[in-house]
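Report on the structure given below.
Every number in this text was worked out from the coordinates using simple rules, so none of it is lab data. Keep in mind that what you see is a predicted model, and the values were worked out from it rather than measured. All Cβ positions, even for glycine, are placed from backbone atoms using ideal geometry, and neighbour counts span all protein chains on display.
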């Protein structure tokens, strides 16, 4: 049975692009849409999710033999909630302004489907090393997805990137991009773009 | 009168102006996953509304009675071991996230058991959605909003009471139902359309969601308008 499960390296690579949590599995959409109006917020969120995912995956993997099937989701959520509390306090202590900006979306990491899904799919079945590699791969994938959406929205919405001016002064800021509708539309168009690239890649593979 | 007006504004804001799905992006997963048919959307919406009201009730009670400094229940218990002023200063607000998620998970479990036992027909309508709701961000978000209006408000008089909290929970759920039902209606029509291949599935759903969010932005400022109309002061 163990032989069928992916190795640590496979898990790591899968998370980044082939099974990207956002573009391929459509998990964790709440922070994906809510905090991507600026690159800085998006990266902080990706880092917070990454830390929580790494800690939760490691702990769940260590106690995987003690888990009772019907209680496992509760154990996952409580583990995650503990680490989210830690991350929330650390952010409030060292990056107060950022923690105000992110507001309720930091505690909402508790119910982020990516983390529960990784605990269920990988950490509750495989060893600590694999679980950690999986967590890092998935976090990088999540960070890349957030960065792509945030870059488009911030450049078009305010003409800046991570706070630096990148567009000429005459750039008319597309306010709608920073508002909720812009999040839905940008993400929808990017999903379509990823689908399109994927279909081209598959076509050329079939030919070659 | 003032109190009722406040409740009205909270309800209106939760249901329409700052719609949970289209303004705060919470509960996006079911919004995209379970919005294929209107019937299913109504079932999911009513389940979320129900659980949200229960969860907000629980989290309001736990926060006010146990977690905040000087809460009656915790200072009563601590009064057996500590002097009165120390007992009144016990602050357990750091536990809020863990307590909330635990109360949501257990209330979902209890609601599911209760409904399955006593209302089998109701269970058939929305029972299948209940386990999914534990990890629905919208429920936790409602609890956190209530928390932010109890913990850390400067004037203790302004902390929300149970009525305001329940209004937010119930009408937040109603807002979720409105959004998901509209979405399901659009998607049923969308099945008949010739959507470009790369947009099929989630991409077109997100873009339709964007247009819906734009429509809901039309409600912005309605609350302050009503406030001006009723009280006469800006």
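Starting from the Cα gyration tensor of region A:9-150, take the square roots of the eigenvalues, sort them a ≥ b ≥ c, and report rounded, prolate or oblate (rounded when a/c is under 1.5, otherwise prolate if a/b is larger than b/c, else oblate).
Cα axes put region A:9-150 in the oblate bin.
Using only atoms on other chains, find how many Cβ atoms lie within 10 Å of each Cβ of peptide B:24-35 and report the average.
5
Over region A:9-150, what is the relative contact order in percent, taking alpha-carbon pairs closer than 8 angstrom and at least six residues apart?
About 49 percent, as a whole number.
Against the longest principal axis of chain A, how steep is helix A:39-62, in degrees 0 to 90 to the nearest 10, with axes from Cα atoms?
0 degrees
Sort B:6, B:194 so that the residue with the fewest other Cβ atoms within 10 Å of its own Cβ comes first and the one with the most comes last.
With the fewest neighbours first, B:6, B:194 line up as B:194, B:6.
Normalised by the residues of region B:1-109, what does the relative contact order come to in percent, with Cα pairs under 8 Å and at least six apart?
Once normalised by length, the contact order is 18 percent.
Partner chain Cβ atoms within 10 Å, averaged over the residues of A:192-200 - can you pull that number for me?
Taking the mean over all residues of the peptide, I get 4.
For a quick protection proxy, order the peptides B:183-189, B:117-123 by their average other-Cβ count within 10 Å, most packed first.
B:183-189, B:117-123
Using alpha carbons only, how many degrees (0 to 90, rounded to 10) separate the axis of helix A:72-94 from the longest principal axis of chain A?
So the inclination is approximately 50 degrees.
Please work out the Cα center distance from region B:142-174 to region A:121-199, rounded to the nearest Å.
Answer, in whole Å: 32.
Tell me whether region A:91-188 comes out rounded, prolate or oblate; compute the Cα gyration tensor, take square roots of the eigenvalues as a ≥ b ≥ c, and use a/c under 1.5 as the rounded threshold.
It is prolate, given that a/c is not under 1.5 and a/b is the larger ratio.
Test of understanding: ordering B:160, A:174 by Cβ neighbours within 10 Å, fewest first, what list do you get?
The most exposed by this proxy come first: A:174, B:160.
Give the average, rounded to an integer, of partner chain Cβ atoms located within 10 angstrom of each Cβ in A:94-106.
Neighbouring Cβ atoms belonging to other protein chains average 2 per residue here.
Just to be sure I understand the model, the point goes 7 Å from the Cα along the line to the Cβ. What's the resulting residue B:36 to residue A:95 distance in nm?
3.9 nm
Could you tell me how many degrees, from 0 to 90 and to the nearest 10, lie between the Cα long axis of helix A:128-158 and the main elongation axis, the longest principal axis, of the Cα atoms of chain A?
10 degrees
How many nm is it between the label spots at residue A:120 and residue B:76, if each spot is 7 Å from the Cα in line with the beta carbon?
Placing both labels 7 Å along Cα→Cβ, they lie 4.0 nm apart.
If you take the square roots of the eigenvalues of the alpha-carbon gyration tensor of the protein assembly as shown and sort them as a ≥ b ≥ c, do you get rounded (a/c under 1.5), prolate (a/b over b/c) or oblate?
Rounded, since a/c falls under 1.5.
How do the peptides B:169-177, B:144-152 rank, highest first, by the average count of neighbouring beta carbon atoms within 10 Å per residue?
Packing order, densest peptide first, comes out as B:169-177, B:144-152.
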